[in-house]
Amino acid sequence: MARMPIIAGNWKMNKTPDEAVAFVRELTPMISHSDDVERVVAPTFLALAAVAAELRGSPVKIAAQDAHWESSGAFTSQVSVSMLAPLVDYVIIGHSECRAFLNETDENVNRKAQAVLAAGLKPIIAVGESLEQNEAGETVPFVRSQVRTALAGLAPKDMNNLVIAYEPIWAIGTGRSASGEIADDIIKTAVRDTVAELYGVDAAAAVRIQYGGSVKPENMEEFMAQPNIDGALVGGASLVADDFAALVEIASRVKGRRSASA
Ligand code: PGA
């Protein structure tokens, strides 16, 4: 079964609402024809409403960069999925920066995944090992355990409605990326096979898994050419319209309708 490639631009703490709107105005005409690739932008919370208004009727989808699992209450600074639901299609959860700066735990990632799905939205669940874990040869067991906890208690059908992003922490924003082959191997053994053990081979064949970490137009083809990589979660390069458009174009050429395998 063909999995639709998905390119998501994680803007992190960049772009004011005005800048975010100006950016999508520039970007959308460049990528709107590539309807064999799911295209997603993730502005800050503050820019979501303005970007959602600008993108109404557009094929470009929107992600929030986080969400709380409770629907309301005394959670200063937090945003619930019911607040996000009118504005976004996706919610990124478990990003390594949230794990590092906001003490995000695997258990909370799981609570958030459940809340996001219950609201009819789709989580993009980020996992990935540190440089120390990588060098100690702990990548596969560590990522497997992140995936197991993040997906605990979900149903096989939920695997159609979520995305997992494998992002080695040492590759994020560093210019260093895993090779396509190594990333594919980890994605297969630590992520897709774990989904198969938990929810069966059909669910594992359906779940979309992105690579993330210093993805740019120059290395995109190497990632997209891998059998288990269904797209990319992109930080830096997603802030530049030409680069974002090039990533979508490469995904479309390598994995979209024009590719030999489609
Ligand atoms: P990067 O960020 O592309 O700038 O490495 C990726 C991410 O954090 O999702």
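All of the numbers you see were taken from the coordinates with simple rules; none came from a lab. These figures come from a predicted structure and were not determined experimentally. When we count neighbours, we look across all protein chains shown, and the Cβ atoms used for this are built from the backbone with ideal geometry, even at glycine.
Of the peptides 210-220, 108-118, 127-137, the ranking by mean beta-carbon count within 10 Å, highest at the top, reads 210-220, 108-118, 127-137. Taking only DSSP H segments of four or more residues, each worth -39500 (n - 2.57), what value at 222 nm results for the chain once the sum is divided by all its residues, to the nearest 500 deg cm²/dmol? Helix-only estimate at 222 nm: -11500 deg cm²/dmol. Counting only residues at least eight positions apart within a chain, or on another chain, the lysines with an alpha carbon under 18 Å from that of Lys12 are Lys61, Lys216. Projecting the Cα atoms of Trp170, Leu154, Asn134 onto the dipole axis of segment 122-254, where Lys and Arg carry +1 and Asp and Glu carry -1 at the beta carbon, places Leu154 farthest toward the positive end. For the pairs Lys122/Lys255; Lys122/Lys157; Lys122/Lys188, note any where the Cα-Cα span goes beyond 19 Å. Lys122/Lys255; Lys122/Lys188, as the Cα separations exceed 19 Å there.
May I ask which residue of Gly9, Leu48, Phe101 lies farthest towards the positive end of the charge dipole of segment 1-135, with charges of +1 (Lys, Arg) and -1 (Asp, Glu) on Cβ and the Cα centre as origin? Value computed over the given set: Leu48. Charged side chains reduced to their Cβ positions (Lys and Arg at +1, Asp and Glu at -1) give segment 171-262 a dipole of some 200 debye around its Cα centre. Charged side chains reduced to their Cβ positions (Lys and Arg at +1, Asp and Glu at -1) give the chain a dipole of some 640 debye around its Cα centre. Each Lys and Arg contributes +1 and each Asp and Glu -1, all at the Cβ; summed about the Cα centre of segment 221-262, the dipole is approximately 260 debye. Neighbours of Val88 by Cβ distance under 15 Å: Lys/Arg scored +1, Asp/Glu scored -1, total +1.
Residues His95, His33 in ascending order of nearby Cβ atoms (within 10 Å, fewest first): His33, His95.
In percent, rounded to a whole number, the relative contact order of segment 124-209 is 39, using alpha-carbon pairs under 8 Å and six or more apart.
Amide H contacts of Ile125: Ile93, Val163, Ile164, Ala165, each under 5 Å away and 5 or more positions distant or on a separate chain (H built 1.01 Å from N in the peptide plane; Pro and chain starts excluded). Per residue, the average separation of C-alpha pairs within less than 8 Å and at least 6 apart gives the chain a relative contact order of 21 percent.
Cβ crowding within 10 Å, taken as a proxy for footprinting-reagent exposure, orders Met30, Met83 from fewest neighbours to most as Met30, Met83. Rounded to the nearest whole angstrom, the semi-axes of the ellipsoid equivalent to segment 17-170, taken from the Cα gyration tensor as √(5λ), stand at 27, 19, 16, largest first. In this structure the amide hydrogen of Lys61, modeled in the peptide plane, comes within under 5 Å of the amide hydrogens of Arg39, Val40, Val41, none closer than 5 places in sequence on its chain.
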